[in-house]
1. Output ³J(HN,Hα) for the stretch A:116-129: one whole-Hz value per residue in order, computed from phi by the Karplus curve 6.51 cos²θ - 1.76 cosθ + 1.60 with θ = phi - 60°, and x for Gly and Pro.
2. In percent, what relative contact order does chain A have, based on Cα pairs under 8 Å that are 6 or more apart in sequence?
3. With labels modelled as points extended 7 Å from the Cα through the Cβ direction, what inter-label distance (nm, one decimal) is found for A:ALA304 paired with B:ALA146?
4. Before anything else, pin down the relative contact order of the stretch B:15-216: Cα pairs under 8 Å, at least 6 apart, normalised by residue count, whole percent.
5. Mind putting a number on the dipole of the stretch A:20-235 about its Cα centre? Charges go on the C-beta only, +1 for Lys and Arg and -1 for Asp and Glu, and I need it in Debye to the nearest 20.
6. First measure r as the distance between the Cβ atoms of A:ILE144 and B:ARG87, then evaluate 1/(1 + (r/R0)^6) with R0 = 56 Å and state the FRET efficiency to the nearest 0.05.
7. Go through A:GLY146, A:THR194, A:GLY84 and say which Cα lies farthest out towards the positive end of the charge dipole of chain A; charges sit on Cβ, +1 for Lys and Arg, -1 for Asp and Glu.
8. Take peptides B:168-175, A:222-229 and line them up by average Cβ neighbours within 10 Å, highest first, as a rough protection proxy.
Amino acid sequence: MTLGLHLAVVAALAALQFVLPAFHHGMLARIMVLAAYAVGYNVLLGYTGLMSLGHAMFFAAGMYGVGLTIQHWGFGIAAASVAGVAGAIVTAGAVGVVTLRTAGPAFLIVTMMLAQAFYLATLYFNTVTFGDQGFILPALEIGIGGRMFSLADPSVKYNVALVVFAVCLLATLWLVRSPVGRVLVALRENDERTRLLGYHTGRYRLVAVIVSGLISGLAGVTYTLLFSYVGSTFAGVLYSIYPLLWTLLGGAGTTLGPLVGTLLMTYAIDVASGITDAYLIVVGAALVLTILWAPAGVVGGIRARWARWLP
Amino acid sequence: MAFGPHLLLALMEGVVSASLLALTALGLSLVFGVMRIVNVAHGAFFMLGAIVTWYVADLSGSFWLALVAAPIAVGLVAILADRLVLRPIGYEPESTIVATIGLLYILEQVVLMTYGPYARPVAAPFYFRIDLGWFGYSGYKVIVAAAAALLLAVTWLALSRTTLGLYLRATQQDREIAQAFAVPVGRVYTIAFGVGGGLTAIAGALIVPVQQAHYLMGLDALLLSFIVVILGGLGSLRGTVVAALIVGLSDGVVSVLFSPTLAKIIATLAVAFVLGVRGRGLFGEEAA
């Protein structure tokens, strides 16, 4: 039933591309990539109970990994994507080793500090990264089964985004129902008891940080390939706050929450930015209202009331 | 300029930023110590202090009035936030972090809507130049460093000698025992949050004549305060002040000799290294 539900969601997203008008078609492609980012964030916040305020560095590590290797060294898409994901894994590993030395609220502060250092580094080394202005990648093409597809084509964009999102979603579904995932949830619920049961909690936490960083980095790689732009904005603090908000709003610790949260919030910001320049006030208001009135999020609320079986 | 005088200039800049940083970070540290919460909106309070200073100085023409008005206004905003948001969620650590991030964006965007995206200076209330032979130094900055040091001393005295200080320290050490001894813990929380916001607002006000008021200026203040409280050890006021001196001096020196961006990168990596060796910072308590 659970797997069926997730497959149905993916199938529904696949079917939507044939009925949506152009604007929403493009929006949804972007939302699916960002939702994959939120799915990565949720592994850490929702299933391991660690709140990070620095995920932008994993997203941006993927982004710069793929973008810089194409820009400076002329890598092909496959090699550049591997470089991007590898960059995110290395970043997450290093960040994990440092931050997990600390306990409690220090984790969040240190992730934010490190992410900000990463952001400042993208500005400081602007001869390589082009800093704030960023750079635009040339038109990219991928070959599947001997045919070439341009990534600038909207329906190619949509389907690449769909595949990446579906892989991330199903992978986390598998992860959280696997023995490793159960240990992570145990860590979230009661760290000391898990340690008493003989689990090496530090090692499991590190694995969670790396998996979360990997998925976030993969989302960053995909975003770069589909939208052909790399810039330091994506390493900034806002892009660390976004996945937190998407995950919380949709429901932390639910597999489908990140998609729901990203969907709602991206449209809310789109509407608000048509009304005022200070549209980020929507982000602030959503954070405060969610935590005051719906701390379990949308999917979390549905699970508590009607569907206890939701993973 | 020769290297010697250049280094002297860098050190003087370092002392000024260290003293302001100590004041800013002390507010954050006090709030964490007493309430066990991380206030992510702390940088926004700093920014709000600077903005209020600009408004009051612009309308009344008096910087001194602004210097008094800023901490009061920001303290009231903090108290309001405590009553409307933090108390209803019961100061649960993670919810509080999320709520204060929300607060950060609300304050920032409201300032953007009203004050606008400008960077505006306020004239210093007095101007004199200290001539050191190799270069002249702004007398205002020297007074600012002295004023910040004085405020730190006053806060220290208030914490160690007054009844309110006793309440704050008692709540910090053990909330339940404090309550059992009739310390009004709920009110102490609100006061701590207000005082924390007020302290950083003074730092924000003092810096406007040097740095201009802008709606995004809080982020650097937040980042440096975070670095300081982590390096000093979460919950230790003494650690905060010592770490502020270290971070402020090195930030000032590297900023003058190289670049402000590089200074912040180095400070962060240095703190990450310290954490690798000693997870609870310089003066932190044993992890519970």
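Just so it is clear, none of the values below were taken in a lab; they were calculated from the coordinates. For clarity, every value in this text was computed on a predicted model and none was experimentally measured. Quick reminder, even Gly has a Cβ in these numbers, built from the backbone with ideal geometry, and neighbours come from all protein chains shown.
1. Those phi angles translate into 5, 4, 4, 4, 5, 5, 5, 7, 5, 8, 6, 5, 8, 9 Hz.
2. Working: 500 pairs, mean separation 96.6, N = 311.
Dividing the mean separation by the residue count of chain A yields 31 percent.
3. Result for the modelled spin labels: 5.7 nm.
4. Reported relative contact order: 45 percent.
5. Working: 11 positive and 6 negative charges, 108 e Å.
Dipole magnitude for the stretch A:20-235 comes out near 520 debye.
6. Numbers: r = 56 Å, r/R0 = 1.01.
Computed FRET efficiency for A:ILE144 and B:ARG87 comes out at 0.50.
7. Final value for the positive-end residue is A:THR194.
8. Details: B:168-175: 17.5, A:222-229: 21.8.
Peptide ranking by packing, descending: A:222-229, B:168-175.
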